[in-house]
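The values are calculated or read from the model by the stated rules, or taken from the named source; none is laboratory data. Remember, it's a predicted structure, so these values are computed and weren't measured experimentally. All Cβ positions, glycine included, derive from the backbone under ideal geometry; neighbour counts span all protein chains shown.
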Amino acid sequence: MEKKARGEKTVSLTCYDYPTAVIMEEAGIDLILVGDSVGANMLGYETELEVTMDDMIHHLKAVKRGIKDACLVSDMPYASYKDVETALINARKFVDHGADMVKLEGFHENIIASLTADGIEVIAHIGLNPQASAERRAFGKKFDEAVLLIDGATRLEAAGAKMIVLEKIPQKITEIITRELSIPTIGIGSGRFCDLQILVIYDIIGFAPKKFKHIKVYGDIRKALKQAVTAYKEDCTSGGFPADEHANIIPLEEFEKVTYWMQNGVSVLGNTRPISGNNGFAKNMDN
Ligand code: KIV
């Protein structure tokens, strides 16, 4: 809110794991969302509808361990806010596990008002809402839809939403929404006028199998990972790995005691050699 008042941009990304959270903190990402996109990106699910509360909490806890300053947001998964009571119970679980805010899709003013009254900060999410619709198209290209989005965004702010995600909405409409609202707008596939941008981390590092129009790719982790795994496999099969430098070394004098014991059946300390197999060895060690 302060940055919006100063006309400054803030930056956000999705994140699902501890090491990536640490890197995002180091890079100074302002807001980190544990999105339900974890399902498709990390868990091999077909759709967002499969993501559970347990999945979300598991990943939220991992990300939380890597966070110091960033604002940490947890997505509320499908059906976790099907009514006010359920929403209150589940949102409280996320806050108890370290979320600063929760995010939920759709025009649920009553739920947002109830969570806000309970002291839980909420980010609304309109436009493309993957939990509600399988249609992966842009929303707001027609007059009726554009009006619904502008009007709906205003009502969600009035209900208490502290920020709002605008997904796949035409730039001219998100410009209006951003101007009309006093809360920050977070854009994904919605052009340059939103106060913050958010993208799915796997999309910007070239890890996701699909490419979308709204994405800019800043790295090729898939290629780097494949190269490393293939090189490791080749090294293991060719005998290049492990080399002596990767092995644990027993000091020579200790090893000489082992070989003496192997050859003579009794060590300098009086240990006798095992009779045979593991049992004999264990028995001998016990003695
Ligand atoms: O789950 C997610 O990654 C999201 C972003 C697309 C905003 O909701």
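Run down 148, 156 and say which single residue is under 14 Å from residue 127 (Cβ atoms) and buried (at least 21 other Cβ atoms within 10 Å of the Cβ).
None of the others qualify; the one that does is 156.
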Select, from 35, 66, the only residue that is in contact with a helix residue (DSSP H, G or I) (Cβ under 6 Å, 6 or more places away or on another chain) and either modelled with pLDDT of 95 or more or closer than 17 Å to residue 116 by Cα (or both).
-> 66
Within segment 58-92, tally of residues that are aliphatic (A, V, I, L, M) and in contact with a strand residue (DSSP E or B) (Cβ under 6 Å, 6 or more places away or on another chain) | 7
Quick one: count up the residues across segment 38-54 that are away from the ligand (no atom under 12 Å from the Cβ) and either assigned to a helix (DSSP H, G or I) or touching a Leu at 6+ places or on another chain (Cβ under 8 Å) (or both).
-> 4
Using the structure shown, decide if residue 207 is of a type in the set (Phe, Trp, Tyr), in contact with a helix residue (DSSP H, G or I) (Cβ under 7 Å, 6 or more places away or on another chain) and away from the ligand (no atom under 16 Å from the Cβ).
-> no
Report whether or not residue 79 is on the phi > 0 side of the Ramachandran plot and either touching a Lys or Arg at 6+ places or on another chain (Cβ under 9 Å) or not in a helix (DSSP H, G or I) (or both).
-> yes
Residue count, segment 15-37 (criterion: more than 10 Å from the ligand (Cβ to nearest atom) and either part of a helix (DSSP H, G or I) or within 28 Å of residue 183 (Cβ to Cβ) (or both)) | 15
Failed condition for residue 12, given (1) in contact with a helix residue (DSSP H, G or I) (Cβ under 6 Å, 6 or more places away or on another chain); (2) outside any loop (DSSP other than H, G, I, E, B); (3) within 10 Å of the ligand (Cβ to nearest atom); (4) not charged (D, E, K, R), with all others met?
-> (1)
Whichever residue in segment 179-189 is within 16 Å of the ligand (Cβ to nearest atom) and farther than 21 Å from residue 215 by Cβ and, among such residues, is surrounded by the most Cβ atoms within 10 Å (Cβ to Cβ) | 184
Just one listed residue, out of 163, 101, is within 16 Å of the ligand (Cβ to nearest atom), crowded, with 22+ Cβ neighbours inside 10 Å and in the same structural domain as residue 59 (by TED's automatic domain parsing), and it is 163
Selection over segment 258-278 where residues are in a loop (DSSP other than H, G, I, E, B) and either touching a residue at least 12 places away in the same chain (Cβ under 8 Å) or of a type outside the set (Val, Ile, Thr) (or both) yields a count of 8
How many of the residues in segment 123-135 are under 18 Å from residue 171 (Cβ atoms) and surrounded by fewer than 20 Cβ atoms within 10 Å (Cβ to Cβ)?
-> 0
Matching residues in segment 1-57 (more than 15 Å from residue 198 (Cβ to Cβ), under 13 Å from the mean Cα position of the chain (by Cα) and either among the aromatic types (Phe, Trp, Tyr) or not assigned by TED's automatic domain parsing to the domain that holds residue 182 (or both)) number 1
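Take the residues in segment 116-133 that are part of a loop (DSSP other than H, G, I, E, B) and touching a helix residue (DSSP H, G or I) at 6+ places or on another chain (Cβ under 9 Å); name whichever of them is nearest to residue 186 (Cα to Cα). Walk me through it before giving the result.
Initial filter on segment 116-133 (part of a loop (DSSP other than H, G, I, E, B)): 118-120, 128-133.
Next, from what is left, pick out any that are touching a helix residue (DSSP H, G or I) at 6+ places or on another chain (Cβ under 9 Å): 118-120, 130-131.
On the way: 118: 24, 119: 22, 120: 19, 130: 16, 131: 18 Å.
Checked segment 116-133; the qualifying residue nearest to residue 186 (Cα to Cα) is 130.
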